[in-house]
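Encoded as structure tokens, the structure appears first; notes follow it.
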Amino acid sequence: MSGVPVLIAAELKELLDPSRLDGLDVTWIRSDEPTPAGEFVAAVPLLSRWMGGTEFKRLPKLRIVANCAVGYNNVDLVAAEMRRVVVTNTPDVLTAATADLTWALILACARRLQAGADLVKSGTWTGWHPQLLLGLELEGATLGIVGAGRIGQAVGKRALGFGMRITYASRTPKPEFEQATGASRLELRPLLRESDVVTLHVPKTPETQGMINPDTLALMKPGAILINTSRGDLVREEALAAALEEGRLGGAGLDVFTEEPEIHPRLRTAPRTVLLPHIGSATLPTRRHMAETAVANVQAVLSGGPPLTPVVP
Ligand code: NAP
């Protein structure tokens, strides 16, 4: 086989039309295999593969890491810059799917879907009761969006249909978003005090890691719901489990965890949770678009052009 040697996550093979791979000599690596050494000029990893100094040393010819995710906390950007390796991600193409899944979790937690479904399946449901599994009325409730970027704003726009008041915390104001949704910008602490549903959409950075902790959880309204479809590391999971066990929170909907695929044992048994296996972007068209965007970045850089979606830290 001739072509430019590149490494691509094997899990993407079936999502990619072979014509996208023209001119590439692909070595497919599974996520449970270590990154091989070699003359590879491009790598398309999943977010479960760490790409840092050691990997860059093993890949002296590497020109681009085209991460197949919008998050890029699995890539050491400083090491990449030192080696003059371009880093790209897959923004936009997964925004709608991830916003939809966030809403699936909001609705599931607000209306206690997991408990209701478990009750029916267990065969112990005794019939309609006026006080059975009372949930949170979303109309008129306040949604607090932490990180009003692409996904956070898409979640906010969907909230309009549910008649919610929208607040957001972001480093920079978002006037167009405010105009479109009537959202008001708050600092994190007042947002946590005022929101009935708090949803996290900031990236994982040293600043955001552990932002939901015993101190900030204590600010949340009694009975409020926490949703996290961003990265598990934003939340101190032990503290969240305690808040759920003590009945201080009304629920937690989580798609992401600190030690994926391990789940903190107290979270696994905590009440009023909906726990999902990191499926925020899991629709076929979105997953195809993600793989295609990553490979298109490789093709662009290898043909001497600028990357299509470079990571801007
Ligand atoms: P994005 O457009 O870059 O949005 C992130 C937003 O967070 C930006 O608007 C940024 O604010 C804001 N931000 C950063 N640090 C902050 C801080 N300390 N306090 C408040 N706001 C802060 O990214 P996105 O496309 O929406 O994706 C967001 C995250 O979702 C990704 O990083 C990824 O981890 C996660 N994700 C998960 C899944 C899944 O499968 N569950 C799928 C896709 C994405 P400024 O605009 O002011 O700079």
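Key figures for this structure:
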| quantity | calculated |
| --- | --- |
| Complete set of residues in the stretch 23-47 that are without any contact (Cβ under 8 Å) to a residue 40 or more places away in the chain and surrounded by fewer than 17 Cβ atoms within 10 Å (Cβ to Cβ) | Asp25, Thr27, Trp28, Arg30, Ser31, Asp32, Glu33, Pro34, Pro36, Ala37, Gly38, Glu39 |
| Positions within the stretch 55-75 being part of a loop (DSSP other than H, G, I, E, B), crowded, with 21+ Cβ neighbours inside 10 Å and either within 19 Å of the chain's Cα centre (by Cα) or free of Cβ contacts under 8 Å to residues at least 12 places away in the same chain (or both), in sequence order | Asn67, Cys68, Val70, Tyr72 |
| Contacts under 8 angstrom Cβ, first residue in the stretch 262-273 being assigned to a loop (DSSP other than H, G, I, E, B), partner at pLDDT 95 or above and of a type in the set (Gly, Ala, Ser), 6 or more apart | His264/Ala241; Ala270/Ala241; Ala270/Ala252; Pro271/Gly247; Arg272/Ala115; Arg272/Gly250; Arg272/Gly251; Arg272/Ala252 |
| Which listed residue, of Leu249, Leu240, Leu308, is more than 17 Å from the chain's Cα centre (by Cα), part of a helix (DSSP H, G or I) and either surrounded by fewer than 22 Cβ atoms within 10 Å (Cβ to Cβ) or more than 10 Å from the ligand (Cβ to nearest atom) (or both) | Leu240 |
| Single unsatisfied condition, Leu226 versus (1) outside any strand (DSSP E or B); (2) closer than 25 Å to Ser48 by Cβ | (1) |
| Every residue from the stretch 143-177 that is over 18 Å from Val235 (Cβ atoms), in a helix (DSSP H, G or I) and under 21 Å from the mean Cα position of the chain (by Cα) | Arg150, Gln153, Ala154, Gly156, Lys157, Arg158, Ala159, Phe177 |
| Number of the condition not met by Ala180 [criteria: (1) within 14 Å of the ligand (Cβ to nearest atom); (2) outside any loop (DSSP other than H, G, I, E, B); (3) surrounded by fewer than 21 Cβ atoms within 10 Å (Cβ to Cβ)] | (1) |
| Residue in the stretch 143-164 that is away from the ligand (no atom under 16 Å from the Cβ), closer than 17 Å to Met220 by Cα and surrounded by 14 or more Cβ atoms within 10 Å (Cβ to Cβ) present | no |
| The stretch 277-291, residues that are surrounded by fewer than 18 Cβ atoms within 10 Å (Cβ to Cβ) and more than 13 Å from the ligand (Cβ to nearest atom) | Leu284, Pro285, Arg288 |
| Number of the condition not met by Ala80 [criteria: (1) part of a helix (DSSP H, G or I); (2) among the hydrophobic types (A, V, I, L, M, F, W, C); (3) under 22 Å from the mean Cα position of the chain (by Cα); (4) over 14 Å from Thr229 (Cα atoms)] | (3) |
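The values are calculated or read from the model by the stated rules, or taken from the named source; none is laboratory data. Being a predicted model, the structure only gives us computed values, none of them experimental. All Cβ positions, even for glycine, are placed from backbone atoms using ideal geometry, and neighbour counts span all protein chains on display.
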